[in-house]
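The values are calculated or read from the model by the stated rules, or taken from the named source; none is laboratory data. Small disclaimer: the values here were computed from a predicted structure and weren't measured. Note: ideal-geometry Cβ built from the backbone for every residue, glycine included; neighbour counts use all protein chains shown.
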Amino acid sequence: MPRYRKVSMITLQQYIATWIHQLVTFFQTLWDRWFGQVLTFEDSLIKVRVGRSIAEGGFSVVLKAIDLNPGNNVYALKRIQCIEEETRQSCLKEITIHHELQKGQPQNAKYLMPLYGVAWEDNRWCYMLFPLLPHSLRAEVHRRIFMNGKNDVFESRVAPWSESVVLQIFQHLLHSVSILHHAGYSHCDIKLENILCKGSNMTHLMTPILMDFGSVGPIYRSLTTRQNVLEIADIASQHTTVSYRPPELFAGEVRVGDIDIDYRKVDVWSCGCVLFAILFGASPSESEFHRRTGRLQIVDCTQLKVLQDVPRPSLELPSGQWYSSDMLSLISWILNKNRHERPTIPEIQARVQQLLNPHTTTMDIEMPPPPNNNDFFFDTDVRANLFHERAKAY
């Protein structure tokens with residue numbers, strides 16, 4: 001009898017919790033549709049009602065926004081408080097990059113997050129309107145690999161996706177990065193959290209969209225002076241995620257007079273970390289595998305951990321047999337600590353295409369058109385002037 005009472009009590013608690021959740025959701029939806037702030041984007045003629053917060057950052061918050069025009073489209077509205085001029089310029093930079101990537105290239109929206117509109121309020125608040133993509137690759141990986149928040153998945157579950165699916169997800173991401181590089185930019189903060197999907201079915205998962213251009217920077221940085229070298233690590237600490245950061249961006253890893261930092265190779269390293277995380281659940285520099293069970297263990301990421309070999313589960317354990325030697329070799333090849341020997345994005349695309357189609361000899365890789373150097377590969381001063389001109393427009 002006590003056992004039945006316990007089950008009944010749990011069921012009642014679940015029922016009450018579900019009822020409360022539905023009630024709260026109803027009132028939130030009601031507020032979003034009828035009582036929120038109305039915001040108009042003059043550049044796109046989109047008029048939205050601002051809803052509740054769905055994500056928060058250091059200087060920004062992402063809000064749900066509902067289109068007041070016919071169709072009731074739902075958007076993600078990024079709001080940034082621009083008290084300082086530096087923050088304002090950062091917003092203008094991000095807006096400019098979106099405009100450059102979208103200008104005359106509507107197909108880029110299949111790979112890179114499109115910007116639907118920009119609005120300013122009292123010259124203190126910047127609003128950027130994006131499509132609402134509710135599924136992050138981080139959430140999908142976590143849902144498939146980890147069970148109930150425990151790291152015992154390797155003993156009780158098969159691999160979340162087939163190698164073919166993983167390679168197609170990765171190939172789509174590589175093309176997104178390639179478009180960015182051909183436009184003269186490096187992303188610098190590629191990670192699972194910055195890759196979104198329109199849904200959780202296989203079609204959506206295999207066509208992820210790269211987002212967050214707040215850390216986007218140039219292709220090269222000089223190492224001709226001591227100040228240049230010191231800035232490399234300082235900029236990296238502000239604009240990159242440590243567990244996806246390559247060795248050359250840590251303090252003491254480059255010296256005055258070394259070959260310029262190629263940030264395309266930085267993005268290559270981050271892509272390799274993303275691939276590892278898709279396979280096992282976390283980036284290699286925050287992962288260890290238990291010697292006896294093969295379970296993934298999350299550890300603190302340090303510079304020393306980044307410089308160590310890529311972790312692998314023992315081949316004698318179930319988790320070590322999830323993926324083929326070709327897949328594991330692909331990761332090791334990408335995560336080359338020597339930045340000069342690290343492969344390029346086109347080289348990785350070719351190898352991934354070969355793994356997807358091992359019986360073909362001709363690589364049919366979709367590549368973006370070559371850039372016009374006069375339009376895209378300008379120096380920092382020219383970029384600054386462009387941002388200043390954009391500021392005048394607002």
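Could you count how many residues in the range 254-263 are outside any strand (DSSP E or B) and either touching a strand residue (DSSP E or B) at 6+ places or on another chain (Cβ under 9 Å) or closer than 18 Å to Leu335 by Cα (or both)?
Step one: list which residues in the range 254-263 are outside any strand (DSSP E or B), which gives 254-260, 263.
Now drop any that are not either touching a strand residue (DSSP E or B) at 6+ places or on another chain (Cβ under 9 Å) or closer than 18 Å to Leu335 by Cα (or both), which leaves 254, 260, 263.
Here the count works out to 3.
Pairs please, first residue from the range 55-83 and assigned to a loop (DSSP other than H, G, I, E, B), second anywhere and at pLDDT 85 or above and acidic (Asp, Glu), Cβ atoms under 8 Å, 6+ apart in sequence or on different chains.
Listed by first residue and then by second, the contacts come to Asn73/Asp67.
Please determine whether any residue of the range 115-128 is within 30 Å of Leu205 (Cβ to Cβ), in a loop (DSSP other than H, G, I, E, B) and in contact with a helix residue (DSSP H, G or I) (Cβ under 6 Å, 6 or more places away or on another chain).
yes
Yes/no matrix, rows are residues, columns are (1) under 22 Å from Ser176 (Cβ atoms); (2) buried (at least 21 other Cβ atoms within 10 Å of the Cβ); (3) basic (Lys, Arg):
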{"residue": "Asp212", "(1), (2), (3)": "yes, no, no"}
{"residue": "Pro218", "(1), (2), (3)": "yes, no, no"}
{"residue": "Arg226", "(1), (2), (3)": "no, no, yes"}
{"residue": "Leu230", "(1), (2), (3)": "no, no, no"}
{"residue": "Arg245", "(1), (2), (3)": "yes, yes, yes"}
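List pairs: first residue in the range 221-246 and in the same structural domain as Lys191 (by TED's automatic domain parsing), second residue among the aromatic types (Phe, Trp, Tyr) anywhere in the structure, Cβ distance under 8 angstrom, at least six positions apart or on different chains.
Arg221/Tyr263; Ala233/Phe250; Ala236/Phe250; Tyr244/Trp269; Arg245/Trp269; Pro246/Trp269
Just checking, which of Ala277, Ala251, Ala282 is crowded, with 22+ Cβ neighbours inside 10 Å and outside any helix (DSSP H, G or I)? Step through it out loud before you land on a result.
Details: Ala277 fails: outside any helix (DSSP H, G or I); Ala251 fails: crowded, with 22+ Cβ neighbours inside 10 Å.
Being crowded, with 22+ Cβ neighbours inside 10 Å and outside any helix (DSSP H, G or I) holds for just one of Ala277, Ala251, Ala282, which is Ala282.
Pick out the one residue from Pro343, Pro370 that is modelled with pLDDT under 50, under 30 Å from Gln102 (Cα atoms) and assigned to a loop (DSSP other than H, G, I, E, B). First the steps, then the outcome.
Details: Pro343 fails: modelled with pLDDT under 50.
So the residue among Pro343, Pro370 that is modelled with pLDDT under 50, under 30 Å from Gln102 (Cα atoms) and assigned to a loop (DSSP other than H, G, I, E, B) is Pro370.
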